[in-house]
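These notes concern the structure reproduced below.
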Amino acid sequence: MADYDAIIIGSGNNGLMCALYLARAGWRVLVLEQASDVGGAARTSEVTLPGFKHDLFATNFTSFTGSPAYQDVRAALEDLNVRFLSNNYPYASAYASGAAARVYRDPNMTDAEMVRYSKSDLAGWRAVVALFKDTAPTFLRLYSSPMPSLETFQHLGRIVAKRPSAALALSRVLLETSRQFADRAFVSDEVKGLFTPWAFHLDYGPDVRGGGMFSFVAAISAHVRGLNVVEGGAGQLMSALRTLIENHGGQVMTDTTVTAIEVRNGRAVGVKVEPGGAIAAAKAVIANVTPRRLFGDLVSSEHLPSPFIRSMSRFRYAVGTFVLHLALDKRLEWKAAEDLSEFSYVHLHGRAEEIDQTYKQALDGFLPSRPMLIVSQTTQLDRSRAPRGKHVARIHARAFPANILGDASGLIKGRDWDSVKEPLADRLIGMLAEHAPNVRSILLARHAVSPLDLERANPNLIDGDCNGGSHHLRQYYIARPAFGWTRYKTPIGNLFMIGASQWPGSGVNAASGYLLARSLLTSASLP
């Protein structure tokens, strides 16, 4: 008799949610995690100073709180004191000119901000918000539905049937670049710069087709639904999910590395681990592992057909992210607007021309001279993340090459990440100081994390790609991770793949784990 019904490799949000659903249904479940704590790319740690809690990777949980998986387990999480916080200040963009464009949860305040630039920008803003509200109740369900499936086509059919003009407008956005979308809807560069950074979060340079949809959905969703953070840090949610799994009889083992997936007669039958030996699975081995790690390390090529190996070898990872965690004595004081210190995200250098230059430099192997910065400010929402009167902030800088050929500014001479990390952190602090001059005087400590460090911390973050693979159209929607290999299947029986490399992709949404668990339980219940 097998040791478990299902073994899940990796304790990211998808792995934990899948384990929870299976354990609740009575399956004997084991989650294996090589790190010392659970969470994958959603963890919290005091990496600067004691008492300063930093979300190491993900910090925005709006996709999770909008998911059916969360609604299903919400009461149980609340019983474990998991709380989500948001405010009236989701995001803004600040510019070298000294201007800022701000998006509030409050529609009237946002309208006032738009008309400050032009009546045309206000009209464009109202139009895109109306399109979102008209279609989102239906199309957002796609992100928690199998892709492709009858369910997804039904959702699309409802949009076409009920709102044909809106469906046409939405299809146009789907194929646009983020620059095209912003240029069509708005007049001022400042308002356009509220949208183009969101696409760059997911590897869409301003002229990459498909980026318009990510700009539209992320920007307007944050306005309508806000940006949600976990009280006490992302790790609070992950720890609570672990507790729920164990309460339902599942097991979670950390500090345990899976070295191989055992395959017999074309089916996955278990795993080999260190420390330990072999662990058997009766029904499923579920890998919350990106393709390069799964099919390059854990599964021998002798078990895989050649066409599949070629498909997986074409899976492309995005350019990397550099992260800088800051422990601050006071709030940042922004030159462009006093209330910028309240905003969850402030984008810097997010105009299309700036992102285009950064993207090209990174793709050519150079450290960008002026990378786009995503400045996260969480202590204005959650005072538990720092000692009284103190604050934390984080800079996500995009985008960077895996292998450094040079520095676009010609100032940093190193060619390996360990030697350029601190000089690059100095550059980012300098860029932030242009907008928040007090950063240097209030900086108590910092912790820099290079793309290489990200991969060291989590092997799924290939070359510092926080998105589990590029979201370009050729490997998204019905082609994630590749045409013919959707819906979490692999060529090996009983072996399934979930995580950000699968639909619906990046972000803490728990969707692939939820969808696979639902599929497995439905199949198991059939006569």
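The values are calculated or read from the model by the stated rules, or taken from the named source; none is laboratory data. In this text, all values refer to a predicted model and were calculated from it rather than measured experimentally. Note: ideal-geometry Cβ built from the backbone for every residue, glycine included; neighbour counts use all protein chains shown. We work out accessible area using only protein heavy atoms, side chains counted, and drop any ligands, DNA or RNA first. Shrake-Rupley method; radii C 1.70, N 1.55, O 1.52, S 1.80 Å.
The helix-only estimate of mean residue ellipticity at 222 nm for the chain, built from DSSP H runs of length n ≥ 4 each weighted as -39500 (n - 2.57), is -11500 deg cm²/dmol after division by the residue total. Taken per residue, the accessible surface of the chain reaches 38 Å², heavy atoms only and a 1.4 Å probe. Here segment 402-492 has 54 percent of its accessible surface on carbon and sulfur atoms, given a 1.4 Å probe and all protein chains in place.
Ordered by 1.4 Å accessible area with all protein chains kept, Cys466, Cys18 run largest first as Cys466, Cys18. Antiparallel beta bridges, as assigned by DSSP with both residues in the chain, represent about 65 percent of the total such bridges.
Electrostatic tally near Gly365: other residues with Cβ closer than 14 Å to its Cβ, Lys and Arg +1, Asp and Glu -1, net -2. If you average the sequence gap of Cα pairs under 8 Å that are 6 or more apart and divide by the length of segment 34-143, what percent do you get for the contact order? Averaging sequence separation for qualifying contacts and normalising by length gives 10 percent for segment 34-143. When a 1.4 Å probe is rolled over the protein heavy atoms, the share of accessible surface on segment 73-201 that falls to carbon and sulfur comes to 56 percent. Once the Cβ-Cβ distance between Ile309 and Arg172 is put in as r, and R0 is 30 Å, what FRET efficiency do you end up with, to the nearest 0.05? The calculated FRET efficiency here is 0.20.
Between the alpha-carbon centres of segment 96-113 and segment 200-276 there is a gap of 32 Å. The angle between the Cα long axis of helix 511-525 and the longest principal axis of the Cα atoms of the chain comes to about 30 degrees, rounded to the nearest 10. Here the extension length gained between Val115 and Ala260 equals 46.3 nm, from 0.36 nm per residue of separation less the Cα-Cα distance. Given a 1.4 angstrom probe, I'd like the percentage of the accessible area of segment 207-329 that is carbon and sulfur, rounded to a whole number. Carbon and sulfur atoms account for 44 percent of the accessible area of segment 207-329. Its relative contact order, with pairs defined as Cα atoms under 8 Å and 6+ residues apart, puts segment 375-527 at 11 percent. The alpha carbon centroids of segment 407-483 and segment 291-341 are separated by 10 Å.
Sorting the segments 424-431, 271-278 by their residues' average number of neighbouring beta-carbon atoms within 10 angstrom, most packed first, yields 424-431, 271-278. Using 0.36 nm per residue and subtracting the Cα-Cα separation, the extra length available between Ala75 and Lys335 on full extension is 89.4 nm. Phi angles of segment 416-422 translate, via the Karplus equation with coefficients 6.51, -1.76, 1.60 and θ = phi - 60°, into HN-Hα couplings of 10, 5, 5, 8, 9, 4, 6 Hz per residue; Gly and Pro are given as x.
For percent of Cα pairs over 31 Å apart, computed directly from the structure shown, the correct entry in (1) 52; (2) 40; (3) 45 is (3). Classify segment 274-384 as rounded, prolate or oblate, taking a ≥ b ≥ c as the square roots of the eigenvalues of its Cα gyration tensor: rounded when a/c is under 1.5, otherwise prolate if a/b is larger than b/c and oblate if not. Note, shape of segment 274-384 comes out oblate.
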